[in-house]
Amino acid sequence: MAADPLSLQVPRFEILGRLRAWRGEEELDLGPGKQRAVLAVLLLEPNRAVSTEAIVDAVWGEEPPDNGANVVQKYVAGLRRVLEPDRSPRAPSRLLTLTSAGYSLHVDRGALDAEVFRDDVREALAARARGEIEEVRSLLRAALGLWQGRALHDVRGRFFDAARERLADERAAAAEAAAEIDLDLGRHAELVPELHRLVADFPLREGLRHLLMLALYRSGRQAEALAAYRDARAFLTEEFGVEPGDRLQHLHLGILRGDLPREPVPVPADATATRLPVQAHAAAPHLPADAHVADLAETSGSAATAPWADDAIPATPPQLGWAVPAPHAGAAVDGPARRHPWPLRLAASAVPVVTFGICTWAMIAYFAGRRRSTRLGAAAAGYLVLITVFLTIVTSEDADAVSALDGVAMGAWLVTMFGGAVHVAVLTADPDGPGRPAGASRLPASAMVDYIERRTRREQARSLLRHHPEMARELGIGRPDLPRDFDDGGLVDVNAVPERVLASLPGVGPYHAKAIVTARRSRRFTSAEDLVTQGVLPAPVVRALDEVLVAVPLPEPSP
């Protein structure tokens, strides 16, 4: 008897909503809840082997069955009967195979909605690089149209909660990119209702709030745009004790001043490409080391820049801020310094001599303010003290005192006049000059702004960690390996992050990463300094990573 044509069709799977499987137009009965959960684990790792231990851990969590391997085998057999109804019980399965590494579910290209979603987003990125804006919009809208609610919302468990968060972050990033495209195309008014819904669904994504304010403002609804900012500020301050990010604050000021353009500014062809989310498969931390684990991706509060394609992931993820040079306090942010023309340098150097040292302190104070340097400020104060001493002595009416302090007065005068001239000459000759760290003047302005924003976010996260450690743990501060909606500026919790994250830090490497993991098994770190006192990391490395490393305490044991 001929086989039913439907039974020969390859099943299609859906996880962007309720877990479902189809053969043609027929929805398949996936069986009891635990069997569905086993299938969900395999669909989160399509075409990759997942060990029995990982399946048990994902499905049963902290209450595994005594005979976990046998129970998993039972549910796998049930899935094989559903997915391959015409397969003989003794025949090997084509779809759900067992290897030495574990069970693997074969899923054809285009047969899993989550993979189709990611493929569409990747194509959108390629189309944006070619400048095909309408094609980008079409692909992103098609990708978002695959969603039918919360991913896997009918499957319960901590493992699936984490998977839902990762998938939701991908959806939010794609929605944010699509909204940016619509704004670039001038679709302000029609975008407002969608942005209201997205902000309600993803309240921690400041990028969506930024787009909502911009869409309202460009639609002529300035008062509503300001109200949206007030709502954002109230939410962030009341819930987390932090102010909105610089991007939201700058937009708020621009709306108040009314100096923002009402129409979108033309965007270069490659500008939006950096904003589009293109993510590789996101595996869960519960899976074995040989499984494809998601590379570090940050959920930025202002824009999604999670690199999804494996070949696009740098060795040290720049989104964490680890590779960004950390300027000293004296670094200027007003753009690259430039060498002054020699006539101007000569004139500036002559000022201390021409004024007999009286204006030296003012010249140095000017450079201190220009370069925001405390060292130059101290030097200016020193010159002011010296010229004050000189003037006090030479104008004194006590002849004996003047005679006794004549050498002091002459020394102070020479230092302020000729020493000041040399000092000004050095400052005008060297763009990096005293008080400015080497190379900071050549740091691109965009990188400097990015560094300042990330440092601000790190300070906010550290403040939250000090005052509300429970909330900090809940938000995933210091855990770039986990899905998060809170941008902590790239902090790394030495008590919790995996070894691979520690090894990617500059100056750490695999050896010291393993030493940190080994040391924290017996005793948790209370601060980054413990890494030095316990002999785990050299002091220079810890000092270099001072802005990144944190030690999040463990939760208090329940009574």
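Assorted remarks:
- Cα-centre dipole for the stretch 5-105 with unit charges at Cβ (Lys and Arg positive, Asp and Glu negative), debye to 20: 360
- Among 185-191, 477-483, the order from most to least packed when residues are scored by Cβ within 10 Å on average: 477-483, 185-191
- Fully extended contour minus Cα-Cα distance, from residue 156 to residue 108, at 0.36 nm per residue: 14.7 nm
- 159, 356 arranged by Cβ crowding within 10 Å, fewest neighbours leading: 356, 159
- Rounded to whole numbers, the Karplus 3J(HN,Hα) couplings from phi for the stretch 405-411 are 9, 4, x, 4, 4, 5, x Hz, using 6.51 cos²θ - 1.76 cosθ + 1.60 with θ = phi - 60°, and x at Gly and Pro.
- Residue 500-residue 63 FRET efficiency (beta carbon distance; Förster radius 30 Å; 0.05 resolution): 0.55
- Burial ordering of 138, 396, fewest other beta-carbon atoms within 10 Å first: 396, 138
- For the stretch 458-559, applying the loop criterion from DSSP together with a ceiling of 16 other beta carbons within 10 Å to the GluC sites (Glu not before Pro) yields 529.
- Exposure proxy ranking for 134, 123, 62, based on other Cβ atoms within 10 angstrom of each Cβ and starting from the fewest, stands as 62, 134, 123.
- FRET efficiency estimate (nearest 0.05) - Cβ-Cβ, residue 350 to residue 394, R0 25 angstrom: 0.65
- Once backbone amide H atoms are built at 1.01 Å from N, residue 548 has no partners under 5 Å, excluding neighbours fewer than 5 places away on the same chain.
- R0 of 30 Å, Cβ-Cβ distance residue 518-residue 466: FRET efficiency to nearest 0.05: 0.60
- Geometric descriptor of the stretch 446-550, per residue, is 104 Å³ (volume of the convex hull of the Cα atoms).
- Fully extended contour minus Cα-Cα distance, from residue 10 to residue 90, at 0.36 nm per residue: 26.8 nm
- Per residue convex hull volume, Cα atoms of the stretch 1-148, in Å³: 144
- Ordering 44-55, 241-252, 77-88 by mean Cβ neighbour count within 10 Å, with the highest value first, yields 44-55, 241-252, 77-88.
Values quoted throughout were computed directly from the atomic coordinates according to the rules given, and no laboratory measurement underlies them. Being a predicted model, the structure only gives us computed values, none of them experimental. As a convention, Cβ positions derive from the backbone with ideal geometry for all residues, glycine included, and neighbour counts pool all protein chains shown.
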